[in-house]
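Presented below is the structure to which this report refers.
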Amino acid sequence: MAFLSFPEGFQWGVATASYQIEGAVQEDDRGVTIWDTFVRQPGKVQNGDTGDVACDHYHRFREDVELMASLGIQTYRFSLAWARIYPFGRGAVNEKGLAFYDRLFDALLEKNIQPAVTLYHWDLPQALQDLGGWTNREVVEAFAAYAKTAFDRFGDRVTRWITLNEPIVFTEMGHRTGVMAPGMRDIGAYSRAIHHALLAHGRAVQVFREGGYRGEIGITNANTFYEPADDAPETAAAVERARDFDTRLFHGPVFGKGYPASVVKHFAERGVPLPIQPGDMEVIATPTDFLGVNLYSRALIQPANNSVGFTYAPPRLPLLPMGYEAAPHALGAFVRWVSNEYGRPRIYITENGVCDNTEPDANGVIDDVTRQELLRGFLAGLHGAIADGCDVRAYYQWSLMDNFEWAFGYSKRFGIVYTDYRTLARIPKKSAEMYADIIRRNGLEA
Ligand code: GCO
């Protein structure tokens with residue numbers, strides 16, 4: 001065992017998102033969102049769970065900030081609920097919604113916790129969905145206006161902005177597979193949503209630059225580290241196709257490399273070309289300051305005779321309750337790959353974590369050994385990538401506390417703090433103690 005020391009100034013954080021923790025969905029004139037609508041459709045969310053109460057963070061945020069301070073958390077990534085600020089997505093701004101986030105920012109800064117703010121973590125105002133949501137180009141300007149309001153109001157206290165969380169997930173699962181809000185199953189809707197989401201990102205970055213706000217801005221994507229199931233050259237080609245349809249689809253345009261040709265062709269051949277208009281690609285490529293990386297696992301890839309030319313091979317590592325493999329090597333490996341692919345950008349690990357459903361034992365102790373073990377493995381890998389020259393400056397553990405895990409409802413626990421959904425008590429798990437220790441020492445034994 002050696003002590004792996006992280007670079008001086010490396011930041012340690014935790015992450016959450018509005019719909020997953022806030023609750024209070026009807027309070028202070030918050031507007032209805034696509035998730036409020038989706039959770040009410042029978043069969044969409046496990047056990048019929050909703051985010052109506054969630055962790056009740058809206059009322060308990062002071063307690064949550066105290067909790068973070070007690071763990072030594074240095075930076076907190078969370079999202080603003082667009083519908084608290086613009087209940088109908090655009091039009092009249094809701095002062096009460098802004099005031100809630102004012103209170104939260106002030107509480108964080110009082111404890112010296114740096115906010116990192118995601119503008120969009122999937123809770124689109126329903127009024128915009130009624131116009132077609134991300135499939136309608138009009139949503140792009142609504143997003144840019146909302147972003148400007150956030151920069152104007154909070155820019156004195158927020159210096160780290162993330163435009164979108166995981167467009168790969170909300171475009172595909174929301175519009176093609178339908179397992180997330182708004183639950184569409186339409187490849188044309190998927191194609192339009194991809195392009196409009198990227199355009200909205202680019203417009204927000206433009207607004208940020210033009211306004212001369214302080215701080216930095218970037219985008220966060222979900223990533224899986226793809227590995228070939230065997231050594232065949234066809235398998236290596238399949239891995240590249242998987243990367244095209246996932247990472248490169250979103251990172252390519254943002255880094256000025258455009259959409260991968262294979263993806264452009266895929267949509268065009270199906271009669272649903274990406275709706276690119278002149279000038280769009282320049283907007284999307286407006287330079288950002290960092291890349292947000294979310295990573296939970298890896299996937300083994302093999303060639304397939306299907307529309308995309310690849311498929312997942314059977315897993316070989318132990319499975320986590322989410323159905324994917326426990327693959328701690330994936331974080332460092334992906335960071336190395338993405339760093340090389342895009343010219344060594346500054347990277348923040350905006351999410352990494354483990355689903356571990358351990359319940360309290362007879363003494364009320366929650367010894368989440370799987371999470372602790374994998375967390376050590378993820379961080380050891382990340383340390384190696386940094387040692388190799390990858391410019392990673394912060395790590396956010398997903399999540400501060402167990403919360404509403406989208407279509408899985410409350411059945412999946414990702415927190416380092418346990419949420420007792422009957423009493424809403426927060427109970428730090430063993431992993432929280434471990435994380436606090438890592439933060440204190442700016443490193444770990446591994
Ligand atoms: C995501 C989202 C989070 C999830 C987390 C665990 O990455 O899908 O950003 O909202 O809760 O990833 O699955």
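Residue-wise test of (1) in contact with a Phe, Trp or Tyr (Cβ under 6 Å, 6 or more places away or on another chain); (2) charged (D, E, K, R); (3) over 20 Å from residue 183 (Cα atoms).
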site: 21; (1), (2), (3): no, no, yes
site: 27; (1), (2), (3): no, yes, yes
site: 32; (1), (2), (3): no, no, no
site: 37; (1), (2), (3): no, no, no
site: 40; (1), (2), (3): no, yes, no
site: 44; (1), (2), (3): yes, yes, no
site: 49; (1), (2), (3): yes, yes, no
site: 53; (1), (2), (3): no, no, yes
site: 56; (1), (2), (3): no, yes, yes
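The condition of being open to solvent by 10 Å² or more (accessible area, probe 1.4 Å), within 16 Å of the ligand (Cβ to nearest atom) and more than 20 Å from residue 348 (Cβ to Cβ) holds for residue 407. Taken over segment 130-148, residues that are part of a helix (DSSP H, G or I) and either open to solvent by less than 30 Å² (accessible area, probe 1.4 Å) or within 16 Å of the ligand (Cβ to nearest atom) (or both) amount to 10.
Only one of the listed residues (293, 264, 272, 308) is outside any loop (DSSP other than H, G, I, E, B) and either crowded, with 18+ Cβ neighbours inside 10 Å or in contact with a helix residue (DSSP H, G or I) (Cβ under 6 Å, 6 or more places away or on another chain) (or both). That residue is 293.
Of all residues assigned to segment 230-239, none qualifies as being open to solvent by 10 Å² or more (accessible area, probe 1.4 Å) and in contact with a helix residue (DSSP H, G or I) (Cβ under 8 Å, 6 or more places away or on another chain). Would you point out the residue of segment 319-342, among those that are outside any helix (DSSP H, G or I) and open to solvent by 60 Å² or more (accessible area, probe 1.4 Å), that is farthest from the ligand (Cβ to nearest atom)? Here the answer is 319.
Exactly one residue out of 172, 138 is free of Cβ contacts under 8 Å to residues at least 40 places away in the same chain and touching a Leu at 6+ places or on another chain (Cβ under 9 Å): that is 138. Screening 366, 349 for residues that are surrounded by 19 or more Cβ atoms within 10 Å (Cβ to Cβ) and more than 30 Å from residue 177 (Cα to Cα) leaves exactly one candidate, 366. Restricting segment 163-179 to residues that are assigned to a loop (DSSP other than H, G, I, E, B) and surrounded by fewer than 22 Cβ atoms within 10 Å (Cβ to Cβ) leaves a set whose member that is nearest to the ligand (Cβ to nearest atom) is 179.
Residue 203 - would you say it is closer than 22 Å to residue 315 by Cβ and part of a helix (DSSP H, G or I)? It is false that residue 203 is closer than 22 Å to residue 315 by Cβ and part of a helix (DSSP H, G or I).
The values are calculated or read from the model by the stated rules, or taken from the named source; none is laboratory data. Keep in mind that this is a model prediction, so the values were computed, not measured. For neighbour counting, all protein chains shown are included, and Cβ atoms are generated from backbone atoms with ideal geometry for every residue, glycine included. For accessibility, only protein heavy atoms count, side chains too; no ligands or nucleic acids. Shrake-Rupley method; radii C 1.70, N 1.55, O 1.52, S 1.80 Å.
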